[in-house]
Amino acid sequence: MSSASSPGVYLRATQQQQQPADLQSSTPAENVCVNQKAVDKLTEGFLSHYLPDLQNSKRALQELTQNQLILLDTLDQEVTKFRECNTLLDLNSLFTEAKIYQNKLVNIRKEMIMLHEKTTKLKKRALKLQQQKQKELLEREQQRERELERERQLIAKPAKRT
């Protein structure tokens, strides 16, 4: 076949283009005639056979990607809800703990008031006891002075001569 007799394309394949490295030395260079119409029809057939499946796969992948984005957004919203719930639980535990400490403070205050009342009563009692002791000491001192005065009066006195 010559280039003038058929509307084909002649390709000269070199040994490096077609053969593996170990076979290159034994195979001579070849002249290959390729018909352009055949190439076009083969390309058209190949594309018509595989292109619909590839386009369907592309659409399915786009749909999956879109669904993934929707799922990721939904998941992010759920995570946010869980974080809010955890925050609420933390707040609830803080309020519970605050209430416990408030009750402890109220109990401490009651105890302090009670201790203050007891110390006030003890101070009053101590003051009364001190006053009573002082009174008893004063009475003893007065009794002693009366006894001494009485003894002085009982002691005979020389009579005065007139």
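Here are some notes:
- Verdict on Arg150 being surrounded by 10 or more Cβ atoms within 10 Å (Cβ to Cβ), on the phi < 0 side of the Ramachandran plot and at pLDDT 95 or above: no
- From Gln36, Gln68, residue being surrounded by 10 or more Cβ atoms within 10 Å (Cβ to Cβ) and touching a residue at least 12 places away in the same chain (Cβ under 8 Å): Gln36
- Among the candidates Thr27, Thr96, the residue that is modelled with pLDDT of 90 or more and at negative phi is uniquely Thr96.
- Single residue of Lys160, Lys135, Lys121 found to be loosely packed, with under 10 Cβ neighbours inside 10 Å and free of Cβ contacts under 8 Å to residues at least 24 places away in the same chain: Lys160
The values are calculated or read from the model by the stated rules, or taken from the named source; none is laboratory data. Predicted model, so just to flag it, every value in this text is computed and none were measured. Every residue, glycine as well, gets a Cβ built from its backbone with ideal geometry; the counts of neighbours run over all protein chains shown.
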